[in-house]
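See structure below.
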Amino acid sequence: MDPAQRDATFANDALKKAKPDYKVLIEIACTRTSEEDVASKTNGDFRKLLVAIISTYRYDGDEFDEGVAHSEANILHQAIENKVFSHDEIIRILSTRSKKQLNVTFNAFRNIYGTTITKVLLANPIDGEYLGSLRTAIRCIKYPQRYFAKHACTDLRDDIRYGDSGIYKALMFGNPSVIVTTPETCKKVLTDDDNFTPGWPISTIELIGKKSFIAMSYEEHKRLRRLTSSSINGMESLSLYLTYIEENVISSLEKWSNMGEIEFLTHIRKLTFKIIMHIFLSSESEHVMEALEREYTTLNYGVRAMRINVPGFAYHKAFKARKNLVNIFQSIVDERKKLRNGYIPKKSKDMMDALIDVEDENGRKLDDEEIIDIMLMYLNAGHESSGHITMWATYFLQKHPQYHQKAKEEQEEIIRKRPSTQKGLTLKEIRQMDFLYKVIDETMRVITFSLVVFREAKFDVNINGYTIPKGWKALVWFRSVHLNPKIYPNPKEFNPHRWDKEHKAGEFLPFGAGTRLCPGNDLAKMEIAVFLHHFLLNYQLEQINPNCPVRYLPHTRPIDNCLGRVKKCSSTSM
Ligand code: HEM
């Protein structure tokens, strides 16, 4: 069955039930378009809401209007006060306003009325299924990721027939899927290459590349992974990049401290991008970097968006960004090939060279499309994640003075013990950053940058006594593992001391596991540690909106990108 057929089957099942399953319909509405089916099979207020959500085009950008938010918060409040939950204005606002505008409106609602719109709706007795669906739609808009996770882990439980096993059946991204949420089941899926293959949604593959790792055969992946990861694996090979990273961290922090108010996250992402460009492309051209970085930002907004290739939608913009990225990479490949003029250097200069030179056992070289998709994937994976985790680690340290103090003392101790002739950080010193590495692990646990990865069952696979049918997706849900209170008591609390004790295999999977374990894990941790070392010793972050709301997709971040000032401060030992 193709996705559309599957959607139709699921929607049909939901509609045929004596009491239609409205949550399934809302989920399908959020990811696909099936107006005619829905319009013909539903009725009343529910149809009005659902058809409007499905069929209207929303602006997808970040701009918003405070005045509109204020006035529409009042309209929503008035309609709810009058208990006219299906008021045309409610439906117009929810179905036509951008998600950004709606979130500003919900905030304005809270500021004016001292309570949230969902709480006000909850205070009303359930008015058939409609009111429940209205709340579902609002929660999906406010907290897509939180709602998605909760839905996957609790609401679906009754439906799912897999008992209390940490395995859930669901319709996700248009595919029948099984979500695995325990350390054992996650590890099993990630390490069983005989039974599982990558199973990313088609939209992700189209944007990251049909010839990148996420869509590659097992053998080809093994060969190219070995080639590309050798230069970034293990701290010893990384020592080559340590000085470059450190110099750039120092100069960036100095620059930011003179800039006044900045989007801290945006600037860290630029820094991590510069580092990854240096390692993979030996390039520092500001011009190329700016162009690539801009396109990557747009690309990432589309990776988790609806696959609607229509102007105005995130996926459409991302698709265009991919085309621009491909063009930029193509010109770099062309230039490299022209410069060589048939000559193959003895030693590859960087990753791009290595990919141009590599041959398989039959002497076949990679074609341009393959080289470009692999580069495009690496540069993307190599800056977004480390950039976000660096920002969050800094943020958590600022929020928790006791951990900030302890981490700072550890860094001061490293400087105190350093011979006066030594200039910068050494690998040995990085290995001594015991507490700082706990801070980084704890940040990766709380934030869980990659909340889920996708696999597909090659055959009917038995896991813990349950069968995942051939062709079904298996979603490895890292977030449920990392926020499981049985493994991590009080899981949302940031507490680096959790890492004073060892955790069992599978309980901590920030970089995945198995043959697709993140090859950049050591590089990422080293980059983050170098940044925090200099930040702790010499700077502090003064956030403009310390309680700024958080957006979860495509990645967890404060909606103001951590707006603040980087200020110089003194180090006691320097
Ligand atoms: C804190 C930073 C990072 C996090 C949390 C992270 C997380 C992950 C995770 C969870 C996976 C597994 C995907 C799967 O199982 O399908 C992965 C794969 C990958 N990561 Fe990272 N990553 C980080 C940094 C990096 C860096 C710095 C690089 C590049 C230098 C990188 C390159 C890759 C690549 C190429 C893959 C695909 C591996 C494969 O399919 O064989 N990552 N990453």
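General observations
- Coupling constants for region 182-191 follow from the phi torsions by the Karplus curve (6.51 cos²θ - 1.76 cosθ + 1.60, θ = phi - 60°), and in residue order they are 10, x, 5, 5, 4, 4, 4, 5, 5, 9 Hz; glycine and proline get x.
- Nonlocal amide H pairs with Tyr466, under 5 Å, H built at 1.01 Å: none
- Only lysines eight or more places from Lys470 in sequence, or on another chain, were considered; those with a Cα closer than 17 Å are Lys169, Lys188, Lys458.
- If the segment from Asn327 to Glu247 were pulled out straight at 0.36 nm per residue, it would be longer than the present Cα-Cα gap by 25.7 nm.
- Gained length - Asn545 relative to Ala123, 0.36 nm times residue gap less alpha-carbon distance: 148.9 nm
- Exposure of Leu190 as accessible area (Å², to 10), given a probe of 1.4 Å and all protein chains: 10 Å²
- Note on Lys211: accessible area is roughly 70 Å² with a 1.4 Å probe, heavy atoms of protein only.
- C-alpha center-to-center spacing [region 402-450, region 359-388] in angstrom: 31 Å
- Converting phi to 3J(HN,Hα) with the Karplus coefficients 6.51, -1.76 and 1.60 and the offset θ = phi - 60°, region 64-74 yields 8, 10, 4, x, 4, 4, 4, 5, 6, 4, 5 Hz in sequence order, with x at every glycine or proline.
The values are calculated or read from the model by the stated rules, or taken from the named source; none is laboratory data. Keep in mind it's a predicted model, so treat the numbers as computed, not measured. Side chains are part of the model used for accessible areas, which takes the heavy atoms of the whole protein and leaves out ligands, DNA and RNA. Shrake-Rupley method; radii C 1.70, N 1.55, O 1.52, S 1.80 Å.
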